[in-house]
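Okay, structure first, notes after.
The values are calculated or read from the model by the stated rules, or taken from the named source; none is laboratory data. Keep in mind that this is a model prediction, so the values were computed, not measured. With ideal geometry, Cβ positions are generated from the backbone for all residues, glycine too; neighbour counts draw on all protein chains shown.
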């Protein structure tokens, strides 16, 4: 690439602009962890404010918080538990989508695990609602499928 | 952990998204590429991931992009439905990479590993990173009919694990002791698993696949950090060298088979536990300057070797750990006749860094042998034996008494004469002692009397705290 971002010095900060117009600063070393951002830096240079159309001011601070801890190597189980403790299901989803957009691998993995934890042992209806999925099986199709997968359904509680 | 190739479920990146803020959030997750959703599903147990096939037609085959397989059945149910489920899942899988294969089932589900072999073989070519197989026992299982032909044909768990020797990072096989299992290695005297970081085997016997008997087998694990072997052994070889430069933790409990020399070529071991019969096996560590920090040795002797042989074994083993900071040694059932042989451990090396020493079932003469070789000892925990021993020799006061020994704890104190005279020796001669505690053996009948006797001893410092507990 023509321009190498100043990743050797960790004191350099990069400006990020969210889809709703707010500006946040992150360290260059944290920006490296978000591959989408790094690609934009490589293309546009590190002095320009990087626009992130799909990430908004509600979620970006949380993401920055996570990577701040990551570059100092302080991410522990306790930190991760605290991080998601007060987030409701929608907020986790938003963060997950943002992590996917930013190609932020570590956060993506962590949130995948968290979403999976939230869905563990939940009923089919619950999972449908969570993902916003519309059931387009006919009742016969569905009951046939459930029968085929009978072993999976043991132990799952169903909503009324 | 996550490779950047597209098939293993890394994030899709910004390009895949339609950048429209007005689209409802709920839909957005469903619209992520299949392999990304498959990746989320990989964090669920396979049983739950397959459930999502009922969500909607789009989701019917989403689970086939699973990258991790996790089959656990603790419900003690019908093996057939479990096995059908596993077979169906394996059949429908739509990925080129399976990163993990976890199987936890009661032993009686698959007593000879027949099905497990097939299942693992089905995924071996998919760049597995982690394999964990755990056969557990419950109290109430149906009896497994014995089938000597099957057992002797080495049919149990004999899948060719070596196929994933480049990608495998963690291997855990914990088979209950009802059946022995074999891991086949290629017929070569040098076997390497280049990515392995954790190796944990229980109830396994490792075997070379060909009928050749190798004199020496080298197992090369350049990234291995943990090595645990419970009731394992190597058959068909005379000596094994485990090359593991990054190895930190070694745990060996009970070894099977004939005399095998095991050599560890590892210079960074920080935690070494060895709970075995003494003389039947020889262990070597290649580096004498291992900065080992914690050593746990529980040794017993089941074949009545002579005192000579046992002492030589102990001295040889201890010689590898002269830099240990923490040593726990239990001469469990070693020939009680040790009590009559004074100073059989007089030739052990000096442990210059040892701060914590715990000795179980030792006589006071052995204790002194150790104390004379541990000049920096801070804490001493001991459990003395009841045997009559040769007369105690308290002529030399160990260095650690004078400058470093701060805490002494007697476990299972019986109040016997030899115990008492040793504790007296300690109390009268230590100069920096802060605390001495006595925890009484449950069958000690004269606790109060013993307490009184101890309290009367004149301790060299009055600020020492003396504690009693039962």
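Tabulated data
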quantity	calculated
Selected residue (criterion: farthest from the other protein chains (Cβ to nearest Cβ)) from residues of the range A:30-52 that are assigned to a loop (DSSP other than H, G, I, E, B) and in contact with a strand residue (DSSP E or B) (Cβ under 7 Å, 6 or more places away or on another chain)	A:46
Of all residues making up the range B:46-80, the number that are part of a helix (DSSP H, G or I), touching a strand residue (DSSP E or B) at 6+ places or on another chain (Cβ under 9 Å) and either more than 8 Å from chain A (Cβ to nearest Cβ) or closer than 17 Å to residue A:132 by Cα (or both)	3
Exclusive hit being surrounded by 12 or more Cβ atoms within 10 Å (Cβ to Cβ), within 14 Å of chain B (Cβ to nearest Cβ) and outside any helix (DSSP H, G or I), set A:127, A:55, A:94	A:55
Single match in A:69, A:122 (criterion: over 30 Å from residue B:54 (Cβ atoms) and more than 7 Å from every other protein chain (Cβ to nearest Cβ))	A:69
Count - residues of the range A:40-81 that are within 16 Å of residue A:13 (Cα to Cα) and either without any contact (Cβ under 8 Å) to a residue 24 or more places away in the chain or over 16 Å from the mean Cα position of the chain (by Cα) (or both)	15
Verdict on residue B:397 being touching a helix residue (DSSP H, G or I) at 6+ places or on another chain (Cβ under 7 Å), surrounded by 14 or more Cβ atoms within 10 Å (Cβ to Cβ) and farther than 25 Å from residue B:343 by Cβ	no
Residue within the range A:147-156 that is within 10 Å of chain B (Cβ to nearest Cβ), out of contact with any helix residue (DSSP H, G or I) (no Cβ under 6 Å at 6 or more places or on another chain), farther than 22 Å from residue B:37 by Cβ and assigned to a helix (DSSP H, G or I) present	yes
Members of the range B:89-109 found to be within 15 Å of residue B:68 (Cα to Cα) and surrounded by 15 or more Cβ atoms within 10 Å (Cβ to Cβ), listed by number	B:89, B:90, B:93, B:95, B:97, B:98, B:99, B:100, B:101, B:102, B:103, B:104
Selected residue (criterion: nearest to residue A:106 (Cα to Cα)) from residues of the range A:58-85 that are in a loop (DSSP other than H, G, I, E, B) and at pLDDT 85 or above	A:59
Enumerated strands (runs of 3 or more DSSP E) restricted to the range B:263-369, each holding at least 3 residues that are at pLDDT 80 or above and in contact with a strand residue (DSSP E or B) (Cβ under 8 Å, 6 or more places away or on another chain)	B:271-277, B:294-300, B:326-330, B:356-362
Unmet criterion (only one of (1) within 26 Å of the chain's Cα centre (by Cα); (2) free of Cβ contacts under 8 Å to residues at least 40 places away in the same chain; (3) surrounded by fewer than 16 Cβ atoms within 10 Å (Cβ to Cβ)) for residue B:136	(2)
Given (1) closer than 26 Å to residue A:23 by Cα; (2) within 11 Å of chain B (Cβ to nearest Cβ), index of the condition residue A:74 fails	(2)
Residue check, residue A:116 touching a helix residue (DSSP H, G or I) at 6+ places or on another chain (Cβ under 9 Å), within 30 Å of residue B:78 (Cα to Cα) and either part of a helix (DSSP H, G or I) or at the interface with another protein chain (Cβ under 9 Å from one of its Cβ atoms) (or both)	yes
Test: residue in the range B:216-232 that is surrounded by fewer than 16 Cβ atoms within 10 Å (Cβ to Cβ) and either modelled with pLDDT under 80 or part of a strand (DSSP E or B) (or both)	yes
Those residues of the range A:102-111 which are out of contact with any strand residue (DSSP E or B) (no Cβ under 7 Å at 6 or more places or on another chain) and buried (at least 23 other Cβ atoms within 10 Å of the Cβ), in sequence order	A:107, A:108, A:111
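Condition check ((1) more than 27 Å from residue B:323 (Cβ to Cβ); (2) surrounded by fewer than 16 Cβ atoms within 10 Å (Cβ to Cβ)) across all residues:
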{"position": "B:374", "(1), (2)": "no, no"}
{"position": "B:379", "(1), (2)": "no, no"}
{"position": "B:404", "(1), (2)": "no, no"}
{"position": "B:409", "(1), (2)": "no, no"}
{"position": "B:427", "(1), (2)": "yes, no"}
{"position": "B:443", "(1), (2)": "yes, yes"}
{"position": "B:446", "(1), (2)": "yes, yes"}
